[in-house]
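Input: a single structure, listed below in structure tokens.
Rule-based calculations on the coordinates, nothing more; no lab input. These figures come from a predicted structure and were not determined experimentally. Every residue, glycine as well, gets a Cβ built from its backbone with ideal geometry; the counts of neighbours run over all protein chains shown.
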2 protein chains.
Amino acid sequence: MQKNKITIEAIDWQPNKNSKIPLYQQIIDYISKKITSGAWLINDIIPSQRELANKFKVNRSTIVYALDELIAYGILETESGSGTKVANNTWSLLYNDNNLNWKTYINAGEFIENIPTIQIINELEFKDYIRLSTGELAPKLFPLQKFQKISSLLTNKITSLNYLGPLGLLELREELVKHLAKVNIKATTDNILITSGSLQALQLLSIAMIKPNAKVYTETPTYLKSLQLFQSAKINLKGIEMDQEGIKYWQINKDNNDSTFLYTIPDFHNPTGITCSLTRREELLKFAQANQLAIIEDSAYTELYIDEQPPPSLKSLDNSNQVLYLGTASKSLAPGLRVGWIVGPESIIKRLGDVKMQIDYGASSMSQWLMYEFFHSGEYDNHLQNIRQELKKRRDEILSFLNENFNKHASWTIPKGGFYIYIQFNQKISIETLFKKALHKKILLNPGNIYDYKDNNAIRVSYVYEDIETLKESLLVILKLIKSEEKQGK
Amino acid sequence: MQKNKITIEAIDWQPNKNSKIPLYQQIIDYISKKITSGAWLINDIIPSQRELANKFKVNRSTIVYALDELIAYGILETESGSGTKVANNTWSLLYNDNNLNWKTYINAGEFIENIPTIQIINELEFKDYIRLSTGELAPKLFPLQKFQKISSLLTNKITSLNYLGPLGLLELREELVKHLAKVNIKATTDNILITSGSLQALQLLSIAMIKPNAKVYTETPTYLKSLQLFQSAKINLKGIEMDQEGIKYWQINKDNNDSTFLYTIPDFHNPTGITCSLTRREELLKFAQANQLAIIEDSAYTELYIDEQPPPSLKSLDNSNQVLYLGTASKSLAPGLRVGWIVGPESIIKRLGDVKMQIDYGASSMSQWLMYEFFHSGEYDNHLQNIRQELKKRRDEILSFLNENFNKHASWTIPKGGFYIYIQFNQKISIETLFKKALHKKILLNPGNIYDYKDNNAIRVSYVYEDIETLKESLLVILKLIKSEEKQGK
């Protein structure tokens, strides 16, 4: 089992430099308290000397002194290769020699740990790193005035925040019926389940409607591969190649397994940016119909088009009820709302709603009311128009920057919407090494291999999170790293 | 497999009485559309004639006429015993003979359907029923003015709603550190994970930290038995009897299985209302320590004491780190916030946070900010004081009413806090029959057997949801039903 590495949030505690207690003693006390309180467990790896010195803003020698003391007490222990670990908890032994061994619990369940790279990303996103790949709009693109207006409206409208029914806030589902009708998706309120983001819709499907060992086809690379949801439910993901028209559906070799799905992102695909053509959509639907293949259509980026609307959704073209349609406010408006929706046949929606009631009793009513009011007031559509302009500006600037600087080293698809440019390097380099070297430069990036079925040669770049100038500077740093990797590869 | 019964939300559609199209034809068109759109699936049972007539506010004869037509077309089919089912979808066959058979998907996953009684309760709570057992405060007890004040504060404080880190909003965790310190629970922000209600904390534990086939001990009866979460993860629940002091822990026969837990609600137990005594708590902790038994302490009702604070929590008495502590705003403030927290060793919290990131990327930031501000402003504590007075008034009134009317027929424990009085009938009656008969009187109640390991003779009554007068009237109806059941039993 992988050793647990402890991280410390700087805000948590800082030594008091005006105290009469020496700094090294304060640090000894802090670490001791962490161990006796059970916050740090035996065999956990503590942060490195350098990290501790940075975190507590003290000299490294102070840290060395404190750690040496703790090692002398037998509290900590140096382990060659992996750092310093918690070896004992003498203080707690004084009053209790029977501490529970949580290590036997920590991975006992079937749900898999996140991919290590993603654990690092999730952790470091909130530290002082440049986020080159982050899948959300920059905080400054949040429509603050609209939010304030809508919050005030709601404050006078909401009279309580009780549990909601299994499918979520009726008023929100009514707005969604209208919203979906604009893109020719016919639904009643019984065809819509509100979820805590699209991710939860996928979770519900994975535990309720797909047999263990069943197959789920996806594009390759694909967002779904970066999750462990389906793997945790013992579902077999199968990657299908894409070309510039979309997924090469004819490579799907569907067997007679009962609950096979295709998961697809036809619009502004994550991570490649490819949009599936209308012809390919029509062919895919015919294929799905002939093969009794259910489709999960993830439309997370659909409304974030830049040049023109993408072709009609699979759901709107579907006359044989093959398609479950996922929508979300996370990409277009605010991920912190945790509001998504799944559209499908009433029985399916009812089953998923029943499961949702059993795992968290529904999504936040506060968030659902906010989303309702965003739709109802028309401000959601207004916001989208503003965002589309911003997306266009950002994408065009980054594309011309890439053309100038990267065209000898990499290729990419021009995204017609969404957040991402997927940069594929011409020469074979280690994408893991690039990730680590970028970290040392304080740049956090999403390597392509977390989305892929095999090792690859790509990174996902988002043009919506960091400022354009920061993005350009960081991309130049990446370019430098790439050049040096290329040399080494020769 | 159980047949899916279709329900119709009245708001969804109503026939137009001023239209030139006859009412029966409108109803035929409505049902046809439901079937061709895939909202109603083949073999689904449609609502009864009576229900349809009520829903559409038409004469039953109109419904009979419409259904007869649809049966004549072969679209519907009468099935003896279970009603009328969808038999065919001729319209859709006109343009497509290859509709996907969703029936093979609907229960393909491992997550179990909810207990049928609870599915009915979840559905009917939002219809016109008296809710005798509902586990939430009445909407009128929502602190509306405080909420409005806090919403206004927040509207000026929030600048965006982006994704949060794996453990949830840091500001909220900082407030929780202070809040927990008041009841002598020592924690740092790293020891706390924000969840979407306590239910999600249980879900996370069930999928991350408990082995399939491992045992989880609970009181009997217990709230946990009314969930299918643990069963869906193939965990074995084992019921342990209680007396008036709490769980008879000495009946736990712990084997050497790695990830055994005890799940307990020591304060104002759901559903029995029993509070575990201090002595029993101390003994239980010693037992847990000697047997390496981890404890999940559910404190959902702890702050809702009436007469005096309950004894110290297991968590605050625990000096061997055996206890994971669950807290929530759902019972004390507003379930619609979907904010709960789990307190435990840092490594455990980190593991659960990693899983939470993988299933829904965290709880609503809007809800978390609201909860933060409720704590920070002191309004949460003020609200609790008001609620305690209300609880006292309501409990005392219902207790004296029960003493007057029920004492020949039933017994109960006097709750010192929380929401529930658990009424156990003296004579053996069918609690399922009582549930159904009450439904006909438009009263929705939670029969004791949904919480129990065996059939039982009890109902859970909540004194916090309906008005006192409504409660009394409904209890008189129940009493009448009980008396008639008693007679039949003789």
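Quick one: angle between helix A:431-440 and the longest Cα principal axis of chain A, in degrees between 0 and 90, rounded to 10, please.
It works out to around 50 degrees.
Percent relative contact order of segment A:16-70, based on C-alpha pairs within less than 8 angstrom and at least six residues apart? Could the numbers behind the result be given before it?
On the way: 26 pairs, mean separation 23.1, N = 55.
Reported as a whole number, the value is 42 percent.
Any chance you could give the angle, 0 to 90 degrees and rounded to 10, that helix B:23-36 forms with the longest Cα principal axis of chain B?
On a 0 to 90 degree scale, this one is about 60.
At 7 angstrom along the Cα-to-beta-carbon line, where would the label on A:Asp396 sit relative to the other copies? Give the distances in nm, shortest first.
Those label-point separations list as 7.3 nm.
Relative contact order (percent) for chain B, with alpha-carbon contacts under 8 angstrom and 6 or more residues of separation?
That works out to 18 percent.
Counting every Cα pair in segment B:337-490, what percent are over 22 Å apart?
The proportion of pairs with Cα distances above 22 Å equals 57 percent.
Have a look at the DSSP beta bridges in the protein assembly as shown and tell me what percent are antiparallel, nearest 5.
55 percent
Taking the Cα centre of segment A:370-490 as the origin and placing charges on Cβ (Lys, Arg +1; Asp, Glu -1), which of A:Ile450, A:Ser462, A:Phe374 is farthest toward the positive end of the dipole?
The listed residue farthest towards the positive side: A:Ile450.
For the pair A:Ser411 and B:Leu479, how long in nm is the line joining their label points, each one 7 Å along Cα→Cβ?
Using points 7 Å along Cα→Cβ, the separation is 8.4 nm.
If you take the beta carbon distance between A:Gln427 and A:Ala181 as r and set R0 to 41 Å, what does 1/(1 + (r/R0)^6) give as a FRET efficiency, to the nearest 0.05?
The formula returns an efficiency of 0.25 here.
Roughly how many nanometres apart are two label points built 7 Å out from the Cα toward the Cβ at A:Asp29 and A:Ser277?
Taking the simple label geometry, A:Asp29 and A:Ser277 are separated by 7.1 nm.
Net charge within 10 Å of B:Asp455 by Cβ-Cβ distance, Lys/Arg positive one each and Asp/Glu negative one each, not counting B:Asp455 itself?
Numbers: positive: B:Lys428, B:Lys454; negative: B:Glu432, B:Asp452.
Computed value for this residue: 0.
What are the extents of the Cα atoms of chain A along their three principal axes, listed from largest to smallest and rounded to whole Å?
Extents along the principal axes: 73, 61, 51 Å.
If the label for B:Gln231 sits 7 angstrom from Cα along the Cα-to-Cβ line, what are its distances to the same label in every other copy, in nm to one decimal, shortest first?
For B:Gln231, the inter-copy label distances come out at 3.1 nm.
Rg/Rh for segment A:430-476 to two decimals, with Rh computed the Kirkwood way over all alpha-carbon pairs.
0.98
For each of B:Asp467, A:Asp267, B:Asp318, count neighbouring Cβ atoms within 10 Å of the residue's Cβ, then give the residues from fewest to most.
B:Asp467, B:Asp318, A:Asp267
Explain nothing, just the number: dipole magnitude of segment A:265-409 about its Cα centre with +1 on each Lys and Arg Cβ and -1 on each Asp and Glu Cβ, in debye rounded to the nearest 20.
On the way: 15 positive and 19 negative charges, 61 e Å.
Here the size comes out at about 300 debye.
Could you work out the local net charge near B:Ile306, counting Lys and Arg as +1, Asp and Glu as -1, over the other residues with Cβ closer than 12 Å to its Cβ?
0
By its C-alpha gyration tensor, with a ≥ b ≥ c as the square roots of the eigenvalues, how is the protein assembly as shown shaped: rounded for a/c under 1.5, else prolate for a/b larger than b/c, else oblate? Numbers along the way, then the final one.
Details: a/c = 1.79, a/b = 1.07, b/c = 1.67.
In terms of gyration-tensor shape, oblate.
Modelling each spin label as a point 7 Å along the Cα-to-Cβ direction, I'd like the B:Glu245/B:Lys140 distance in nm, to one decimal.
In this crude label model, B:Glu245 to B:Lys140 measures out at 4.2 nm.
For segment B:336-490, what relative contact order do you get, as a whole percent, if you take Cα pairs closer than 8 Å and at least 6 residues apart? Each step should come with its number before you reach the end.
Numbers: 127 pairs, mean separation 29.6, N = 155.
Relative contact order, segment B:336-490: 19 percent.
Under the rule a/c < 1.5 gives rounded, and otherwise a/b versus b/c splits prolate from oblate, where does segment B:271-365 land using the Cα gyration tensor?
In terms of gyration-tensor shape, oblate.
Classify segment B:195-351 as rounded, prolate or oblate, taking a ≥ b ≥ c as the square roots of the eigenvalues of its Cα gyration tensor: rounded when a/c is under 1.5, otherwise prolate if a/b is larger than b/c and oblate if not.
rounded
Kindly express, to the nearest 10 degrees and within the range 0 to 90, the angle between helix B:197-208's C-alpha long axis and the longest C-alpha principal axis of chain B.
Once rounded, the angle reads 90 degrees.
B:Ile71 label points, 7 Å along Cα→Cβ, one per copy: pairwise distances from this copy to the rest in nm, shortest first?
Copy-to-copy label distances for B:Ile71: 8.6 nm.
Which of A:Ser364, A:Ser206 has the fewest other C-beta atoms within 10 Å, and how do the rest follow up to the most?
Lowest to highest Cβ neighbour count: A:Ser206, A:Ser364.
Among the listed pairs B:Lys211/B:Lys356; A:Lys146/A:Lys392; A:Lys140/B:Lys356; A:Lys392/A:Lys487; A:Lys356/A:Lys416, which are separated by more than 24 Å between their Cα atoms? Don't jump to the answer; show the numbers that get you there.
Working: B:Lys211/B:Lys356 18 Å; A:Lys146/A:Lys392 22 Å; A:Lys140/B:Lys356 26 Å; A:Lys392/A:Lys487 35 Å; A:Lys356/A:Lys416 34 Å.
Cα-Cα > 24 Å for A:Lys140/B:Lys356; A:Lys392/A:Lys487; A:Lys356/A:Lys416; rest within.
As a check on your reading of the symmetry: which chain A residue has its Cβ nearest the axis that brings A onto B, and how far is it in Å?
Axis-proximal residue of A, distance in whole Å: A:Ser364, 2.
222 nm [θ] for chain A, helices only, -39500 (n - 2.57) per DSSP H run of 4+, per residue, to 500?
Numbers: 16 runs with 194 residues, N = 490.
Computed ellipticity for chain A at 222 nm equals -12500 deg cm²/dmol.
What is the magnitude of the charge dipole of segment B:27-71 about its Cα centre, with +1 placed on the Cβ of each Lys and Arg, -1 on the Cβ of each Asp and Glu, and no other charges, expressed in debye to the nearest 20? Don't skip to the end; give the middle numbers.
Values: 6 positive and 5 negative charges, 44 e Å.
For segment B:27-71, the charge dipole is close to 200 debye.
Gap in Å between the Cα centre of segment B:98-159 and the Cα centre of segment A:284-333?
28 Å
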